[in-house]
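The values are calculated or read from the model by the stated rules, or taken from the named source; none is laboratory data. Everything numeric in this text was worked out from a predicted model, so none of it was measured. Methodologically, a virtual Cβ is constructed for each residue, glycine included, from the backbone with ideal geometry; neighbour enumeration extends over all protein chains shown. Only protein heavy atoms, including side chains, enter the accessible area calculation; ligands, DNA and RNA are left aside. Shrake-Rupley method; radii C 1.70, N 1.55, O 1.52, S 1.80 Å.
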Amino acid sequence: MKLLKMLPFLSTALVGLAWFGAPAHAYALQDDEAEAEDEEAEDEDESDAWYAIVGGDVYTGTGAVLRGATVLSKNGKIKEIGHDLFLPEGTEKLDARGMRVYPGLVALSASSRLTKGLFQAEPEPDFDPHLGVDNLHPDGRANAHLDTGNEEYDEVADIPTDADVLVEGQLLRQEIADSFDPFSQYLVLALSTGITTAEQSDTPVKLKRDEIKDVDMGPKNVYSLNFSLSNPNSRRQTREKLEKASDYLRRMKAWEAEGDKDKKEPSKKGVDMNYVRVLRGEVFAAFNANDREELLDIAHLAQRYRFRPVINGCMEGWTVASELGRAGAYAIVTPRTRSPKSEELVRPGGSSIENAAILHSHGVQVAVIPGNTSFELNGMTGRDLLHLPVEAGFAIRGGLDERAALDSITTIPARILGVDHRVGTLEAGKDMDAIITDGDLLHYQTFVQYTVVDGKLVYDKEEEIFFAHIRPRPELPALDPGEEPGEAEAVVDEEAPADEDAEEEAPPESEDDDEGEGADDQGAGEDDDGRL
Amino acid sequence: MNATLSLLCSLAIASSASADLLAIRVGRAETISQGTIEHAVLLVEDGKIVMVGEDLPIERGIPTVDRPDWVVTPGLVNCYSRLGLDSAAGNMFEPQVRAADELYPLQDVYRDVLETGTTTLGLYPPGTGIPGQALAVRPRGKTLDEMLIADSVYLKIMLESSAKSKKVLREAFEKVDEHDEKVAKALEKWEKAEEKRKKDSKKKKKGDDDDKSAEKGEDDGAKDDGPKEFEPPEPDAKVQPFIELREKRLRAMMRINKAGDYLHLLDVIENEKIDWFLRIPLRNDIDLFKIAERLGEAERLVVTDPSITLMPNTRRERNIPAELARAGVHVALIPRRDSVAGHKDWLQDVGELVARGMDRQAALAAVTLEPARAMGLEERLGSLDPGKDANLVFWNGDPFAPGTKIEAVMLEGAIVHGDVR
């Protein structure tokens, strides 16, 4: 260490090498000090807000599970995850020993009740034209009402320009930000479920509590297309607009390749810029489709025009999973959907509990939403947003592996919303949105004990009226008197290297390790119930 | 002792100065500013309170009301009412409208409401959005002038959590900025013109023609040859109230619906240096308690209703006015219904809050001094202090207790209801 201090001008890489070279446990303390100096030099700002979730089993969502690790964040962004971290002075600590730490969940097509927090029950629209679940018309027929049925009228309908698209998106975001109610009970319920990011009218919104700043996470990332069999007119239009957009892009490419500045830029006349954005890959094309034929059509359309479709519903997706996989589709499914196939058909069809599993195995990115994407306080329906993890659990029942099930309510929806660079997993540099649970997140018994959003504790089960009275929080392992949880964690790790070694020696497939654990837990729970 | 001496002195002066002097001895006075005074003596002269104290000796010869079983409070102030005014109006942006223009004196409601102990009313213009300016009146008088205490006591502004509502308010202040710019430009022009004029006058009549033509092109206001006062351009009538807000000649009543609205309101006006207070109607499921501490820290004034409400989505009761008062908020309470009957039940409803934990002094202030403060009349109304208007209500017992009746009401020194002799 002295040597290191004497050579402060060595490149950081060298220092890093030297640290790795040093016997880890013997020099743990000094390492900490050196690191501390390093940190201090780097971050001297007193106003920095440090937050640490200490000692939990961290399920990062990237496949890695770090037992008894600490997640440290600075000003709402994850700084570091690991063992034996140096916690700067004034770091707020959350003791998560004996509990699990997961990334915050992402809820697609959530009811506007979540962030608007109306007092009176808001009538649920029976159809969200963008990505919402259509409970009344699972086959997507509700789209029919959007069609005027008048070809002439449809022809002359305004075709949005680039500027229109931007302005519309901007207004939408402004409206969502300006109507955000940070005290809404529905917001607290979302946080109690572990949801930290929600889609509101195609736009990703961070569920912040007690503040309204920076809730808007970015522009909308999906554009809804109608390609329903029951609506031939809009089907034709969609194809036509895609063709025009594709043609425009071709002409544009040619024009650019030519490099002749004097020549006029290709005309945008009649080209719907939303479709151009879809073809450029700037936004996803979203469809509502459940029937096998429609799904196939969408898959073919996507392959022909080379875009990635997001298919909401996707009930019969399991029958055409390989086609959807080849088309690079995203599917937003509800594993508990129950609908028999038509008696007249010979082919396989209808809903299947295995839908998510089969789609996933064919390379379709599967996101899960519950049947009702709102919160129902009058009689828990068990199918509302409060049961988002449970819904993902049903996908596991159908054969989806646990890792993919967690992804289906974190990473995949984050990708669909275009915010996977900020949320969806626990990684350094991402937002400090984490939930701390008292067990496997996807198990029906598990409660979210704490929710952290942007490095701030926003939900504590024992402090809210909803679930505080149900199964009080398990007691934490006792600390030595006078010890802070953070310190204890550091000491434990230093004194008990055996544990760490054991973990390192464990089979390399840590993902499977995680799944095994989860399965064990679940098995135990079921056994108990069985005996009762 | 000192108090007695000074009283004697002043009484001596007072008695020689005016025959309008009246001494009132009651069992208890709720002064608001100095708490409760037992065996209180008040001296009233020329419609003003001259002196308040405990058991003060009264000089012989001064007419005295001696009612040891009575309780006296300041006249009640309702700062948010539309008594005697028409109701309907829509959403609008009419900040220049004055409720004074629709006042119709000599209505029975004013006489009746005075008998409920309400000696001051703040009447606001109807409508949502930004509907205009309120006035403060005494509910007595044959003409507007006789009733008027102060005009334009506050500008009513409704704000809700929506892009549209926030935009309206934001733009209103932006218009003031635009106007300020216009004024600055005009001033610059005027200064230039003035300089030129001075130069020209030095040159005498040499360049007279040039001067005239140049000025015509530059400024219509500076056509005269002599030195001219700068006349800033007239602001738009709808911009004027917001200029007055910025200059603190007008106050704003921000009407919001829920806790979240408060953050959005701050988002818009945080950097505006204006006087403002809040009006938040209470209803079941309101989550106002979530911002009680923030309101308290900022020492905000909140005009609200004397109601017990339920916590959102529960059957748990909350006494939000009490919580606000405890957090340090200036709470003003208005009758639950804006009618004469509502004014009769007013103190009973407030008494209910007191019975459920609201601080008694805060509750008394909530119907007197705090609403007066809301209208910027706290120097003149709302407490029993020397120099303030002699608006007094005489009760036959604790004003918050059920069954207590009003024995008499004094408005600016004159008994307008009941008999004190």
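Once you've got the Cα coordinates, tell me which of A:Lys213/A:Lys241; B:Lys48/B:Lys248; B:Lys185/B:Lys273 are over 31 Å apart.
Working: A:Lys213/A:Lys241 38 Å; B:Lys48/B:Lys248 27 Å; B:Lys185/B:Lys273 23 Å.
Where the Cα-Cα span goes over 31 Å, the pairs concerned are A:Lys213/A:Lys241.
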Task: Charge context of A:Glu475, other residues only, Cβ under 13 angstrom, K/R +1, D/E -1 - done: 0
- [ ] Considering only B:Val331, B:Val393, B:Val109, give the residue with the highest GNM mean-square fluctuation for chain B, with springs between Cα atoms whenever their separation is below 10 Å.
- [x] B:Val109
Open item on the list: Can you compute the modelled spin-label distance between A:Leu476 and B:Ala414, with each label point 7 Å from Cα toward Cβ, in nm?
Closed with: 7.2
Open item on the list: I'd like the accessible area for B:Glu178: 1.4 Å probe, protein heavy atoms, all chains in place, Å² to the nearest 10.
Closed with: 110
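Report the full-extension gain for the segment A:Glu168 to A:Leu229: residue separation times 0.36 nm, less the Cα-Cα distance, to one decimal in nm. List each step's numbers first, then the result.
Details: separation 61, 0.36 × 61 = 21.96 nm, distance 2.86 nm.
Difference between extended and current length: 19.1 nm.
If packing is taken as the average number of other Cβ atoms within 10 Å across a peptide's residues, how do B:71-77, B:160-166, A:447-453 rank, most packed first? Present the calculation step by step, with values, prior to reporting the outcome.
Details: B:71-77: 26.3, B:160-166: 19.7, A:447-453: 23.7.
By packing density, highest mean first, the sequence is B:71-77, A:447-453, B:160-166.
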Task: Estimated inter-spin distance, B:Arg246 and B:Lys175, nm [label 7 Å along Cα→Cβ] - done: 1.3
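If each DSSP helix of 4+ residues adds -39,500 (n - 2.57) and the sum is divided by the residues in chain B, what number results at 222 nm, nearest 500 deg cm²/dmol?
Working: 12 runs with 140 residues, N = 421.
The helix contribution divided over chain B gives -10000 deg cm²/dmol.
For B:Asp236 and A:Thr62, what does the FRET efficiency come to when R0 = 51 Å and r is the distance between their Cβ atoms, rounded to the nearest 0.05? Let's see the in-between values first.
On the way: r = 59 Å, r/R0 = 1.16.
It comes out at approximately 0.30.
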- [ ] Let me know the mean shielding of A:179-187 by other chains, meaning the per-residue number of their Cβ atoms within 10 Å of its Cβ.
- [x] 6
- [ ] Compute the FRET efficiency between A:Glu265 and B:Glu195 as 1/(1 + (r/R0)^6), taking r as their Cβ-Cβ distance and R0 = 51 Å, and round to the nearest 0.05.
- [x] 0.45
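Full-extension gain between A:Asp48 and A:Glu344, please, as 0.36 nm times their residue separation minus the C-alpha to C-alpha distance. Provide the component values of the computation, followed by the final result.
Numbers: separation 296, 0.36 × 296 = 106.56 nm, distance 6.55 nm.
Extending this stretch completely gives an extra 100.0 nm.
Averaged over B:158-165, how many beta carbons belonging to a partner chain fall within 10 Å of each residue's beta carbon? Don't jump to the answer; show the numbers that get you there.
On the way: counts 0, 0, 2, 11, 5, 9, 4, 2.
Mean inter-chain Cβ contacts per residue within 10 Å come to 4.
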Task: Point-to-point label distance, A:Ile465-A:Glu211, nm (Cα→Cβ direction, 7 Å offset) - done: 2.6
- [ ] Kindly state, as a whole number, the per residue volume in cubic angstrom of the convex hull around the alpha carbon atoms of chain B.
- [x] 196
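Pairs to check: B:Lys156/B:Lys228; A:Lys220/A:Lys456; A:Lys93/A:Lys220; A:Lys456/B:Lys167; A:Lys220/B:Lys290; A:Lys77/A:Lys220. Give those whose C-alpha atoms are more than 28 Å from each other in this structure. Before the final figure, lay out each step's value.
Values: B:Lys156/B:Lys228 38 Å; A:Lys220/A:Lys456 26 Å; A:Lys93/A:Lys220 35 Å; A:Lys456/B:Lys167 30 Å; A:Lys220/B:Lys290 31 Å; A:Lys77/A:Lys220 23 Å.
Cα-Cα > 28 Å for B:Lys156/B:Lys228; A:Lys93/A:Lys220; A:Lys456/B:Lys167; A:Lys220/B:Lys290; rest within.
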Open item on the list: Just checking the output field for B:257-269: average partner chain Cβ neighbours within 10 Å of each residue's Cβ?
Closed with: 4
- [ ] Would you calculate the volume per residue, in Å³, of the smallest convex hull containing every Cα atom of segment B:234-363?
- [x] 131
